[in-house]
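Heads up, the thing below is written out as structure tokens.
The values are calculated or read from the model by the stated rules, or taken from the named source; none is laboratory data. This structure is a prediction, so every number in the text was calculated from the model and none was measured. Quick reminder, even Gly has a Cβ in these numbers, built from the backbone with ideal geometry, and neighbours come from all protein chains shown.
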């Protein structure tokens, strides 16, 4: 089983020095986000944040809040591929649990997920904070949340996954 560890920290808890040159996954909750994240992304974290400000300033309401996980990777340059896999699987979990981000357009890379689970099961171990919970409600995870992935038995370039997330809790409207 291949495992990718993703320890999500709140934006406010991350030291800027840690993000310089770091590759990973981030979940943006902008000022309008109440129950669903605004965006799930991956890449060189500081560069991607700058790109979002330059290109999508109208799509993200300030201030931003959210989570970031630096993906270290097991070997050189693997961290980029691992980050794209974590992004794709978080998007899958978000979609299946009624937490689909409002701004994401690209669904992520299925082929990269399949590459990691070709020889067996792929496991994503999420620790720190649950990136699919609004930061205003954030509490540290007491145990690791998992996403387990296997290639589909029918061989049609798809995969099956299970996860520890439940359907999003609906909130009572404020009257």
Scan segment 20-35 and give yes if some residue there is at pLDDT below 95, out of contact with any strand residue (DSSP E or B) (no Cβ under 8 Å at 6 or more places or on another chain), within 29 Å of residue 162 (Cβ to Cβ) and surrounded by fewer than 19 Cβ atoms within 10 Å (Cβ to Cβ), otherwise no.
yes
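Looking only at segment 1-39, which residues are part of a loop (DSSP other than H, G, I, E, B) and farther than 17 Å from residue 80 by Cβ? If you could, list the steps in order and put the result at the bottom.
Step one: list which residues in segment 1-39 are part of a loop (DSSP other than H, G, I, E, B), which gives 1, 14-15, 20-22, 30-38.
Answer for segment 1-39, where residues must be part of a loop (DSSP other than H, G, I, E, B) and farther than 17 Å from residue 80 by Cβ: 1, 14, 15, 30, 31, 32, 33, 34, 35, 36, 37, 38.
Across segment 123-143, which residue is surrounded by the fewest Cβ atoms within 10 Å (Cβ to Cβ) among those that are in a strand (DSSP E or B) and out of contact with any helix residue (DSSP H, G or I) (no Cβ under 7 Å at 6 or more places or on another chain)?
Filtering first and then ranking leaves 125.
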Applying the selection to segment 111-122, what residues are touching a helix residue (DSSP H, G or I) at 6+ places or on another chain (Cβ under 9 Å) and modelled with pLDDT of 90 or more?
112, 113, 115, 122
What residue, of 85, 113, is outside any strand (DSSP E or B), buried (at least 16 other Cβ atoms within 10 Å of the Cβ) and under 12 Å from the mean Cα position of the chain (by Cα)?
85
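Going by what's in this entry, would residue 66 be described as buried (at least 20 other Cβ atoms within 10 Å of the Cβ), over 10 Å from the mean Cα position of the chain (by Cα) and outside any helix (DSSP H, G or I)?
Details: buried (at least 20 other Cβ atoms within 10 Å of the Cβ): yes; over 10 Å from the mean Cα position of the chain (by Cα): yes; outside any helix (DSSP H, G or I): yes.
Yes, satisfied.
Checking the structure you have, find out if any residue of segment 89-106 is farther than 27 Å from residue 32 by Cβ and either modelled with pLDDT under 90 or buried (at least 16 other Cβ atoms within 10 Å of the Cβ) (or both).
Taking segment 89-106 and keeping what is farther than 27 Å from residue 32 by Cβ, we get none.
Within segment 89-106, not a single residue is farther than 27 Å from residue 32 by Cβ and either modelled with pLDDT under 90 or buried (at least 16 other Cβ atoms within 10 Å of the Cβ) (or both).
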